[in-house]
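K.L.:
Mind looking over this structure? Questions follow.
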Amino acid sequence: QGLTVLQLLEKVKADEGKRRKEEAEKLKAAAAAVLQSRPASREASTSTSSLDAGKADVKALLAERKDAAPFKALSSILNIPRILASPHTPEQISALWTAYHASRSNGTGRGYVSASVPLDMFHKMTSTGRQYPTFVLPLPRIQAIDPAAPASSEENVAHEFYFMQWDFHAPPDIPSASDDLFAKPAQSSPGVSNPACATVLFTPLQEYKLRGAFATPYLVLTIYTDLATTHGVVLLRGEITPSTTGGDRYMLNQEDAQILALSLQKFYLWNNNGKDDGERLLRTFHEKPEEFKWQELLDFSKLTL
């Protein structure tokens, strides 16, 4: 029943190649459409109205770019120029970030999880994420208890497995206090730049088996590094996919989303002493898939819930 770990890893490689090929074809088609819809002007104009129109075109193009990172820009969530205009500590930025997401969904915060991550912790997690970009996580599900059948609480817990996948994106520019579209990026020391942003997708394993890289993730974590250089803080935002039934319903509840998000720490933040069970399980999954034991994963997850 189902795929072996080795077969799952092979499927990941095949699906990723297929997805990237289709994305490349879409980019070519989009570029051709832009060229056809924007014929080159024969005469240059330096009038103020032309310059304003040019700025509008640039803004539109930036909004329509098909090769942009597949997530909402941090500048569309936080007023970065305002943050940079006066001193803010990492703790203050973290408090703003938490308060913003707690105010979503009419003040309930439903549909989102958020956190701030110290820069050193971020580097440790992403280093492991680049080396081992996929994993499978168990999410406990309490089953209805049959009153006629005496059973321990442990026997009434089933697990739904989620396929977890890292992806990395171009590093954002170091922000400046100006919101001028044509302003030069903030100056920094030579060789200093922000680290790459990252996304982590969590998709039900059964859904992934059926649809591969085109399956719908139930939770998308976005790791923003825009303020890494200026403030030494990385911001994490988790968006839970709305339910297809509509209304104020989501594919995951807040608690389940938190459990999945915490898996980053359990499996990707190693203590580097070689004795961490999360590290051992992740290594075995990728390096010796034939030796990977699902029961050991379940046992470890129970201990760390």
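FYI, it's all coordinate maths here, none of it is from the lab. Nothing here was measured: the structure is a model prediction, and the numbers come from that model. Every residue, glycine as well, gets a Cβ built from its backbone with ideal geometry; the counts of neighbours run over all protein chains shown.
K.L.:
Within the set K209/K302; K72/K209; K13/K209; K11/K72; K18/K209, which residue pairs have Cα atoms separated by over 23 Å?
P.N.:
Beyond 23 Å: K209/K302; K72/K209; K11/K72.
K.L.:
I would also like to ask the following. For a quick protection proxy, order the peptides 255-261, 234-240 by their average other-Cβ count within 10 Å, most packed first.
P.N.:
With the highest mean Cβ count within 10 Å placed first, the list reads 234-240, 255-261.
K.L.:
May I pose another question? Kindly put H231, H123 in sequence by how many other C-beta atoms sit within 10 Å of each C-beta, fewest to most.
P.N.:
Going from least to most buried by this count: H123, H231.
K.L.:
Can you sort F267, F300, F122 by how many other beta carbons sit within 10 Å, fewest first?
P.N.:
Exposure proxy ranking, most exposed first: F300, F122, F267.
K.L.:
Measuring from centroid to centroid over Cα atoms, what is the spacing of region 87-108 and region 233-258 in Å?
P.N.:
17 Å
K.L.:
Amide H to amide H, which residues 5 or more places from V233 or on other chains are under 5 Å from it, using H placed in the peptide plane?
P.N.:
Answer set, sorted by chain and number: A228.
K.L.:
Can you sort M125, M251, M164 from fewest to most other Cβ atoms within 10 Å of each residue's own Cβ?
P.N.:
In increasing order of surrounding Cβ atoms, one gets M251, M125, M164.
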